[in-house]
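The values are calculated or read from the model by the stated rules, or taken from the named source; none is laboratory data. In this text, all values refer to a predicted model and were calculated from it rather than measured experimentally. A quick note on method: Cβ atoms are made from the backbone with ideal geometry, for glycine too, and the neighbour counts reach across all protein chains shown.
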Amino acid sequence: MKSFFKKIAAFFCIGVAAILISNSALAQTDQDAIMMSKNNFCVGLMYGYGSWKNYWEGTYKRDNENLGRVSSQMVGLMGNYGIKRNLNILFSVPYISNKPSAGTLHPMHGIQDLSLWAKWMPVKTSVGNGALSVFAIGGISTPLTDYTPDLLPLSIGLHSTNLTARVMADYELGKFFVTASGTYTYRNNITIDRNAYYTTELHLTNDVEMPDVASVNFRTGYRTGHLIAEAVVNSSKTLGGFDIRKNDMPFASNEMNATTAGAAFKYTFKKIHQLALVGSANYVIAGRNVGQSFSVSGGVFYAFNVKGTNKKEEKSTSN
Amino acid sequence: MKKTFILLSVLVSGILLMQSSCSKAVSSRTDGAPALNPASTDLTAGTWKLVLLSRPDSFAVAAPAATNTPGYIGELNEIKGLQSNLTDAQIGNIKYWSAGAVLRWNEIMRELVAKHNLPPYQNEDDTYPIPSAANPFSYPQFPFANPPYAARAYAYISAAQYDALVACWHYKKQYNRMAPFKIDSVINANSTYINKSDLPSYPSEQAVLAGVTAELMKAFFPTEIALVNAKVDALQNATMASGACTRSDWTAGETLGRQIASVFSARGRTDNTSKAVGTPAQWDSLATATTAKGETPWISLETPKRPPMLPFFGNVKPFLFDSLTVVNVLRPGPPPSTSSDQMKKETAEIYDMVKSPSSKEIELVHFWADGAGTYTPPGHWNAIAAEDFISQNFSEVRWARNMALLNMSLMDAGIVCWNTKYFYFNPRPSQLNTALKSTTGIPNFPAYISGHSTFSGAAAAILGHIIPSRAGDYDAMAKDASMSRMYGGLHFRTDCEVGLTVGKNVGNYAIQRAVTDGAE
């Protein structure tokens with residue numbers, strides 16, 4: 001059963017909510033150690049909800065009665081395809097809707113960014129009594145619509161095209177596992193609708209320099225063919241950027257840092273192996289220029305073999 | 001494991017490649033502005049009509065030393081010393097200022113406005129602190145450079161720069177001492193980053209601008225004295241090292257500039273700005289008077305409720321006309337009654353417009369929003385003007401004259417607009433329909449008439465006079481700025497249409513001045 005489990009992508013929306021826009025990380029398959037088998041395709045629908053009342057203006061934590069509670073809802077379509085046993089391609093497309101509970105600002109909603117990932121597992125070997133896997137993951141994300149990044153915290157995203165490189169290691173010992181990864185995200189500059197803006201100086205241009213982002217992710221827990229239950233800690237830091245000034249609005253190139261702690265599960269039905277449910281909850285425990293978001297998500301996934309090859313054969317080769 | 005190492009090195013080199021090949025540093029539109037190359041030196045500008053000074057020689061400037069005296073030759077040697085050791089940073093500084101000191105001081109001013117344009121955070125008891133000029137460094141820092149404050153700062157500094165340069169040109173013509181690069185062939189050969197004009201250099205126009213601007217900026221932005229002083233030094237270094245002026249040209253100019261600033265500072269202390277904030281009792285009386293007329297008074301849509309922005313700025317003394325003209329001639333009639341069908345229709349119109357905003361509409365709203373943390377709508381029109389003036393080959397004095405006309409129009413438009421806003425104290429669309437949400441921040445003052453429309457109407461009128469070939473474009477921009485406030489859910493159609501007309505009427509006073517000031 002364990003082997004079958006690995007054919008199915010585990011999609012965990014850990015709801016990083018690392019930034020004020022509650023741009024939750026969607027298909028967390030890019031951050032876990034689960035691979036789809038060759039020719040298998042898993043597709044799923046996720047729903048996420050996150051909200052915050054307090055946020056950090058630089059290091060100063062405050063609320064804002066002109067925003068009230070800022071909530072973010074997300075519906076995402078995502079998929080994972082096994083090109084080879086150790087090479088997967090993943091995608092996600094979210095629709096996001098952000099809304100303040102108070103004040104006069106207009107809610108924002110729309111389709112956000114397309115993310116594509118290639119996930120490669122070059123190493124899988126026995127170490128001690130367990131198994132060590134090493135992954136290299138590359139990703140690109142790019143906006144699908146011309147939503148504005150310049151109405152934070154209500155903008156649905158930052159509108160930059162990003163390139164991501166990640167190195168990840170997973171160690172599995174019996175039913176327990178530990179996964180750790182480090183990520184570097186290169187963010188392309190963005191353009192905004194106004195042609196002058198102030199950061200720590202005045203810029204007479206609509207071009208905004210977007211600092212890169214580094215993050216680490218650590219997850220550990222229980223993993224069998226039918227159930228994964230894990231604790232997740234994620235910390236991301238913007239490599240540059242500036243603080244929101246006192247009583248100013250946030251800006252896309254702020255230094256947005258967040259550490260989140262949360263839990264996630266995935267349950268695969270015993271009688272219908274193709275069907276799985278996922279869920280997660282996360283809370284921002286420390287941050288800078290971000291909202292202190294609590295977010296939950298849930299989703300349903302269905303896996304099938306695109307080439308219609310013999311499942312039993314697949315199973316035997318996959319582990 | 002070998003594979004892993006290969007992969008890791010591919011990843012690492014990929015990241016390094018991305019970083020090295022894609023420099024993310026952004027550059028401003030005017031970074032590479034060409035060196036000022038005036039079509040005319042405007043040598044007779046000393047006769048142009050002054051704003052506040054009664055005469056161009058109100059402040060005496062002593063005759064300079066002759067160019068064959070030992071003292072002057074020593075000054076030339078000082079320049080040669082500067083020119084022999086120029087670092088890349090100093091060359092960059094020369095190129096930066098060579099585009100024109102009026103342009104660069106205007107940009108610095110806009111930067112300071114943007115930096116200080118933040119509404120104060122509330123106190124524990126939900127009241128709001130008011131910035132204090134007497135205690136500028138403590139929170140909330142002085143000033144809160146909101147649109148009326150900014151309009152007035154731009155106008156005072158621009159008008160003072162203009163008067164100071166008219167006086168400067170008066171003495172330049174009178175004393176007729178040529179610039180170092182005209183007098184000394186070695187300096188001439190080393191003066192490669194500027195255009196060398198025949199304009200006499202005593203007193204230095206850059207020095208006059210530095211003196212007059214620094215003195216006024218210190219009053220408007222008292223926390224920025226160190227920054228302003230550093231800019232003065234940078235301009236002095238650039239001007240002397242480029243061979244455009246000697247130390248005595250500089251000293252005479254800076255002194256003259258600072259003296260002329262004092263005339264504007266004195267006016268500023270008595271122009272009624274000190275009473276523009278008002279008192280809680282006065283704020284209440286605005287609402288009471290509106291209710292007595294049977295109208296719904298404006299209320300702050302912020303939480304906690306913020307006192308209205310500079311409610312008595314409408315009583316500030318204008319530059320282009322007198323205060324009676326504000327009230328009797330320029331202030332428009334009333335908006336539709338808050339209980340009228342017309343107002344209901346206009347509210348419904350804005351609600352429909354902003355209900356489901358398109359990207360195109362949001363783009364227009366954000367392009368013109370110029371809200372908190374920006375250089376404000378008057379700053380936006382300064383940017384439009386400055387970037388157009390770069391290609392017009394104006395002399396510094398003509399630059400200053402045109403910026404003064406623009407900024408006096410903007411300040412006076414602000415005065416008429418604020419006078420109207422607080423005379424009628426009319427609500428915003430989202431006050432009359434709380435389901436109506438805006439796609440940018442809602443300003444904390446009454447709706448009628450639209451500030452963006454009034455500022456833009458005035459700016460488009462005077463800029464269209466200065467550069468007639470662009471008049472149609474300026475009108476279109478003003479219309480866009482005005483409409484953006486409807487698309488954004490911030491204003492009724494009447495606010496915008498009447499605002500544009502009132503602004504245009506204000507701009508016409510500037511045009512009247514322009515055709516008679518001797519510069520055309």
Inset, instruction - Please specify each residue of region A:181-206 satisfying the condition of being touching a Ser or Thr at 6+ places or on another chain (Cβ under 8 Å), in a strand (DSSP E or B) and either farther than 17 Å from B:Ala369 by Cα or touching a residue at least 40 places away in the same chain (Cβ under 8 Å) (or both). - result: A:Gly182, A:Thr183, A:Tyr184, A:Thr185, A:Tyr186, A:Arg187, A:Ile190, A:Tyr197
Inset, instruction - Could you tell me whether B:Ala89 is touching a strand residue (DSSP E or B) at 6+ places or on another chain (Cβ under 6 Å) and not in a loop (DSSP other than H, G, I, E, B)? - result: no
Inset, instruction - Kindly indicate whether any position in region B:307-324 is surrounded by fewer than 18 Cβ atoms within 10 Å (Cβ to Cβ) and assigned to a helix (DSSP H, G or I). - result: yes
Legend entry - Test set (1) closer than 30 Å to A:Thr179 by Cβ; (2) at pLDDT 95 or above; (3) among the polar types (S, T, N, Q) - A:Thr268 fails condition number: (2)
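Taking the stated definitions as given, is A:Asp212 within 30 Å of B:Gly32 (Cβ to Cβ), in contact with a strand residue (DSSP E or B) (Cβ under 8 Å, 6 or more places away or on another chain) and either crowded, with 19+ Cβ neighbours inside 10 Å or at the interface with chain B (Cβ under 10 Å from one of its Cβ atoms) (or both)?
Yes.
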Inset, instruction - Tell me which of these A:Thr59 doesn't satisfy, since it passes every other one: (1) more than 20 Å from the chain's Cα centre (by Cα); (2) at pLDDT below 95; (3) under 19 Å from A:Tyr283 (Cα atoms); (4) among the hydroxyl-bearing types (Ser, Thr, Tyr). - result: (2)
Inset, instruction - Consider only pairs whose beta carbons are under 6 Å apart and that are at least six residues apart or on different chains; among these, list those whose first residue lies in region B:152-172 and is outside the structural domain of B:Ala385 (by TED's automatic domain parsing) and surrounded by 24 or more Cβ atoms within 10 Å (Cβ to Cβ) and whose second residue is of a type in the set (Lys, Arg) and part of a helix (DSSP H, G or I). - result: B:Tyr162/B:Arg401
Legend entry - Unique match (being small (Gly, Ala, Ser), assigned to a helix (DSSP H, G or I) and within 14 Å of chain A (Cβ to nearest Cβ)) among B:Ala150, B:Ala164, B:Ala160: B:Ala150
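Does any residue of region B:346-354 turn out to be in a helix (DSSP H, G or I) and either in contact with a strand residue (DSSP E or B) (Cβ under 8 Å, 6 or more places away or on another chain) or modelled with pLDDT under 95 (or both)?
Taking every residue of region B:346-354 in turn, at least one turns out to be in a helix (DSSP H, G or I) and either in contact with a strand residue (DSSP E or B) (Cβ under 8 Å, 6 or more places away or on another chain) or modelled with pLDDT under 95 (or both).
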Inset, instruction - Search region A:181-198 for residues being buried (at least 18 other Cβ atoms within 10 Å of the Cβ) and more than 8 Å from chain B (Cβ to nearest Cβ), and hand back the single one that is nearest to B:Ala383 (Cα to Cα). - result: A:Ile190
Legend entry - Flag if B:Val329 is within 14 Å of chain A (Cβ to nearest Cβ) and in contact with a helix residue (DSSP H, G or I) (Cβ under 9 Å, 6 or more places away or on another chain): no
Legend entry - Residue within region B:254-268 that is part of a loop (DSSP other than H, G, I, E, B), outside the structural domain of B:Ala400 (by TED's automatic domain parsing) and closer than 30 Å to B:Cys417 by Cα present: no
Legend entry - Residue pairs meeting the criteria (Cβ under 6 Å; at least 6 apart or on separate chains; first in contact (Cβ under 8 Å) with a residue 24 or more places away in the chain, in region B:23-38; second surrounded by fewer than 16 Cβ atoms within 10 Å (Cβ to Cβ)): B:Ala35/B:Asn195; B:Asn37/B:Asn195; B:Asn37/B:Asn393; B:Pro38/B:Asn393
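Check region A:247-256 and report whether any residue there is in a strand (DSSP E or B) and either within 13 Å of chain B (Cβ to nearest Cβ) or under 30 Å from A:Met168 (Cα atoms) (or both).
yes
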Inset, instruction - Could you figure out which of (1) modelled with pLDDT of 95 or more; (2) in a loop (DSSP other than H, G, I, E, B); (3) not polar (S, T, N, Q) isn't true of B:Glu111? - result: (2)
Inset, instruction - For region B:367-383, enumerate the residues that are aliphatic (A, V, I, L, M) and part of a loop (DSSP other than H, G, I, E, B). - result: B:Ala372
Inset, instruction - Might you check whether a residue that is polar (S, T, N, Q), in a helix (DSSP H, G or I), buried (at least 23 other Cβ atoms within 10 Å of the Cβ) and in the same structural domain as B:Ser158 (by TED's automatic domain parsing) occurs anywhere in region B:214-237? - result: no
Legend entry - Residue satisfying all of: in region B:348-365; within 14 Å of chain A (Cβ to nearest Cβ) and either within 20 Å of B:Thr501 (Cβ to Cβ) or of a type in the set (Ser, Thr, Tyr) (or both); surrounded by the most Cβ atoms within 10 Å (Cβ to Cβ) among these: B:Ile350
Legend entry - Lone unmet requirement of (1) on the phi < 0 side of the Ramachandran plot; (2) away from every other protein chain (no Cβ under 14 Å) for B:Gly488: (2)
Legend entry - Candidate set from region A:165-180 (those that are crowded, with 20+ Cβ neighbours inside 10 Å and touching a residue at least 40 places away in the same chain (Cβ under 8 Å)); member that is nearest to the other protein chains (Cβ to nearest Cβ): A:Arg166
Legend entry - Filtered residues of region B:123-132 (kept if touching a residue at least 24 places away in the same chain (Cβ under 8 Å), at negative phi and over 28 Å from the mean Cα position of the chain (by Cα)): B:Thr127
Legend entry - Criterion: surrounded by fewer than 18 Cβ atoms within 10 Å (Cβ to Cβ) and more than 23 Å from the chain's Cα centre (by Cα) - qualifying residue of B:Ser242, B:Ser285: B:Ser285
Inset, instruction - Test B:Asp473 against the stated conditions and say whether it is within 14 Å of chain A (Cβ to nearest Cβ), under 24 Å from the mean Cα position of the chain (by Cα) and surrounded by fewer than 20 Cβ atoms within 10 Å (Cβ to Cβ). - result: no
Inset, instruction - Residues being assigned to a loop (DSSP other than H, G, I, E, B) and either under 14 Å from A:Ile111 (Cβ atoms) or more than 9 Å from every other protein chain (Cβ to nearest Cβ) (or both): count how many of those fall in region A:138-153. - result: 8
